[in-house]
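Step one of this worksheet: look at the structure below.
The values are calculated or read from the model by the stated rules, or taken from the named source; none is laboratory data. Everything numeric in this text was worked out from a predicted model, so none of it was measured. Positions of Cβ are backbone-derived with ideal geometry, glycine not excepted, and every protein chain shown enters the neighbour counts.
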Amino acid sequence: MAFRRKQRESPLVDLTPMIDVVFLLLIFFMISTTFVETSGLSIKLPEASTSIADREPKEVKIYLSKEGVITVDKQEMSIESLQAHLKSFGQRSGDMTFLLLADKEARHGRVVELMDSAKNAGFGKLAIATEHSR
C-alpha cells in the first residue's frame with residue numbers, strides 16, 4: 001500500500017501588522033519630541049525651582065537681551081514699535097499669552113516697561129521664561 005505524501009507548503013509570514021506598528025511608533029516619537037526654539041540671541045534665563053509644563057498655544061514671544069535690545073520674530077524693535085505691534089492683536093490679545101524671555105542680567109526697569117506695554121495692549125496672561133534649576 002503506497003501512501004501519498006502531502007506536499008509541504010512553506011509558511012508565509014504576513015509583515016503588514018508589524019510594519020503598521022513600526023510606523024505608528026515612528027509617528028508617536030516624532031510627535032512627542034519637543035523642539036526648542038531659540039532666537040539667536042545670547043540670553044541667560046534666570047532659574048526657578050518650579051515650572052509650568054502646559055503652555056498656551058497662542059503666545060507672543062518677546063526677547064530682551066542684557067543690553068536692552070528687544071527682539072520679536074527675529075526683528076529688533078524699539079519700545080514704541082513693540083507697543084504698536086502688541087496693539088495690532090486687538091481683541092485676540094485677551095486670550096493670548098505675553099511670553100517674556102529676558103536675560104537675567106537685563107535691567108529690571110526695562111522688564112517692567114515691557115510688562116506694562118503688554119498690560120496696556122490688553123494681554124490677559126503674562127509669563128516670564130525661566131530655566132529649571134537642577
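Among the conditions (1) surrounded by 10 or more Cβ atoms within 10 Å (Cβ to Cβ); (2) modelled with pLDDT under 80, V22 misses just one, which is (2). Inside segment 57-89, residues that are within 24 Å of K44 (Cα to Cα) and either of a type in the set (A, V, I, L, M, F, W, C) or in contact with a Pro (Cβ under 8 Å, 6 or more places away or on another chain) (or both) make up a count of 9. Each residue in segment 115-129 was checked for being part of a helix (DSSP H, G or I), surrounded by fewer than 18 Cβ atoms within 10 Å (Cβ to Cβ) and not polar (S, T, N, Q), and 3 pass. Taken together, the criteria place E67 among residues that are free of Cβ contacts under 8 Å to residues at least 40 places away in the same chain, part of a loop (DSSP other than H, G, I, E, B) and out of contact with any strand residue (DSSP E or B) (no Cβ under 6 Å at 6 or more places or on another chain).
Residues in segment 88-114 that are within 20 Å of the chain's Cα centre (by Cα), of a type outside the set (G, A, S) and part of a helix (DSSP H, G or I): R92 alone.
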